[in-house]
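S.K.: First, the structure itself, so that you have it in front of you.
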Amino acid sequence: MHVVNLPALDGRDPLGFLAALGLVALLSEEHDACLAFAPQTMTAALHSSRLSSPEAIADALARIIGRTEPDQLIPGVTGFPLPSSGTKDPHRVPRDDVPALAAHIQAIGGEPAVSWFLRVVNQFAADAKGHGALTPFMAPRGRQTVRTFFAGPLKAVMDRPESLLEALISWQRVPGCTGENLDHRAAVTAAESPDGLAHSRGVPGATWLATQALVLTHLGADWLPPPIVGSRAQRLREAAEISDVEGDWDGGRAVPNATMWHRHPNGKVMLWPLWSEPLDLPSVKAIISFGFGRVSNEDVIVMGETPYGLGEAPETYPPDPAALSIFYAAAARRDRASQYDAGPLSPLNLPIRQRGKAPLAVPR
C-alpha cells in the first residue's frame with residue numbers, strides 16, 4: 001500500500017478538507033483509495049495500492065475528466081444539473097415541488113442523477129423564499145446557479161490541466177476562478193486590488209475536487225417547535241418540563257440540516273474531524289456524519305458531545321473520538337458579504353476541549 005502525502009490539502013481549511021473528500025470519492029472504487037490526515041502537519045494522505053505519487057494521482061484524475069461525456073458536468077452522471085433557462089435556475093422550485101422534479105431528473109438520468117440532485121436540493125425543508133433549501137455547501141451569488149457550481153470548476157481544470165497536480169502539492173491562484181464561495185481567499189476586493197478593481201483568484205483544481213465531495217453528504221431537516229413566550233414560558237422553565245408539554249410542537253417548522261453542519265446562535269457552523277487511520281469511502285462517509293462533537297454557544301469545539309448537547313444518561317454520549325483515530329476538529333462559517341450573498345466558507349480559529357476537561361493545546 002502506497003502512502004502519498006498531499007501537502008496542499010490542509011485539513012484545517014474548509015476548501016482543503018472538502019477537496020480531500022472529493023479526491024477519495026473520485027478514486028476510491030477504481031484505485032482502492034483510502035484517506036487519512038497526518039497529525040504532525042494536518043494535511044491529507046492518500047493510501048492506495050495503485051497510486052504511488054502526486055503525479056500518478058493527478059494523471060488518474062485527468063483520465064476521469066477525459067472520460068466525462070460532453071453533456072456531463074459530474075463524472076458518470078447524466079441528467080443533472082439541468083440546463084439553465086435564461087437567468088432562472090431550474091433547480092430552485094417550491095419545496096412541495098421537489099419530489100416531482102426529482103422524479104423528472106430520475107427519468108432523464110437514472111439513480112446517479114437523482115442521488116446527486118437530492119444532495120443539492122433539500123426535499124424536507126424550505127429556504128426563506130419557500131424553495132427547497134440548497135445544500136449549505138452552495139451559496140450562489142450574482143448569476144451563479146447549481147449548474148455553474150459544477151460547470152465553472154470543471155471547465156477551469158479542463159482549460160488548465162496542470163491545476164490538478166497543483167491542487168495536491170502547491171496551490172496556484174488563477175485570475176477568474178471564483179472558488180464557488182468555498183474559498184475565502186478567492187475574492188479580491190477593489191481595496192485589495194492594485195488596479196482598484198474587484199476580481200477573483202481561486203484554485204481551480206481544489207475547487208473542482210471540493211464540488212465532488214457533495215456525493216458524501218446528505219440533506220435532512222430538524223423540526224423546531226414555535227418559541228414559548230410570556231408567563232407560560234416562565235412556568236415551564238420553572239417546572240423544567242418544556243419538552244414534555246403537549247402541543248409544543250404545533251405550528252413548528254422544518255429547518256434544513258446537512259452533513260457536518262450544526263445550528264448555532266451565530267449562524268450555521270460547519271464542523272469536521274481529522275483522523276489518522278486510513279479510511280475507505282464508506283468509512284469516510286460515516287465519520288463525517290458521526291456526531292463526534294459540537295460547537296458550544298461560547299464558540300468552543302467540545303469533543304465527545306452530541307451536536308445538540310449531552311443526553312441525560314452516559315450511554316447517550318458518542319464514542320470517544322480517539323477510538324476512531326480522530327485527533328483534531330475544525331470549523332468554518334460563511335462570512336455574509338451582502339443581503340444577496342451568503343459569503344465564502346471561512347475557517348474559524350476555535351479552541352478545542354474534551355468533554356469535562358480543560359481546552360486542549362492543539363497546534364494551529
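S.K.: So, in the stretch 324-354, of the ones that are surrounded by fewer than 16 Cβ atoms within 10 Å (Cβ to Cβ) and modelled with pLDDT under 80, which residue ends up nearest to Phe17 (Cα to Cα)?
M.R.: Arg336
S.K.: For the condition farther than 24 Å from Ala20 by Cα and either at pLDDT 80 or above or in contact with an Asp or Glu (Cβ under 6 Å, 6 or more places away or on another chain) (or both), what is the one hit in Glu305, Glu298, Glu277? Let's see the steps before the verdict.
M.R.: On the way: Glu305 fails: either at pLDDT 80 or above or in contact with an Asp or Glu (Cβ under 6 Å, 6 or more places away or on another chain) (or both); Glu277 fails: farther than 24 Å from Ala20 by Cα.
Going through Glu305, Glu298, Glu277 in turn, just one is farther than 24 Å from Ala20 by Cα and either at pLDDT 80 or above or in contact with an Asp or Glu (Cβ under 6 Å, 6 or more places away or on another chain) (or both): Glu298.
S.K.: Right, something else. Just to be sure before I move on: is Ala113 aliphatic (A, V, I, L, M) and either closer than 18 Å to Trp223 by Cα or touching a His at 6+ places or on another chain (Cβ under 9 Å) (or both) in the structure I sent?
M.R.: On the way: aliphatic (A, V, I, L, M): yes; either closer than 18 Å to Trp223 by Cα or touching a His at 6+ places or on another chain (Cβ under 9 Å) (or both): no.
So Ala113 fails the test.
S.K.: Could you list all residues from the stretch 258-272 that are surrounded by 21 or more Cβ atoms within 10 Å (Cβ to Cβ) and within 16 Å of Trp223 (Cβ to Cβ)?
M.R.: Once the filter is applied, which keeps residues that are surrounded by 21 or more Cβ atoms within 10 Å (Cβ to Cβ) and within 16 Å of Trp223 (Cβ to Cβ), the stretch 258-272 yields only Ala258.
S.K.: While we're here: Which pairs turn up if I take residues in the stretch 1-30 that are closer than 19 Å to Gly202 by Cβ and look for partners that are polar (S, T, N, Q) and assigned to a helix (DSSP H, G or I) with beta carbon separation below 6 Å, at least 6 apart in sequence or on another chain?
M.R.: Gly22/Gln212
S.K.: Moving on. Gly16 versus (1) farther than 28 Å from Met270 by Cβ; (2) small (Gly, Ala, Ser); (3) assigned to a helix (DSSP H, G or I): which is the lone unmet condition?
M.R.: (1)
S.K.: I've got another one for you. In the stretch 68-90, which residues are over 12 Å from Ala113 (Cβ atoms) and charged (D, E, K, R)?
M.R.: Within the stretch 68-90, the subset over 12 Å from Ala113 (Cβ atoms) is 68-70, 75, 83-90.
Within the stretch 68-90, Glu69, Lys88, Asp89 meet the criteria.
The values are calculated or read from the model by the stated rules, or taken from the named source; none is laboratory data. Fair warning: this is a prediction, and the values are worked out from it, not measured in the lab. Here Cβ is always computed from backbone atoms with ideal geometry, including for glycine, and neighbour counts include all displayed protein chains.
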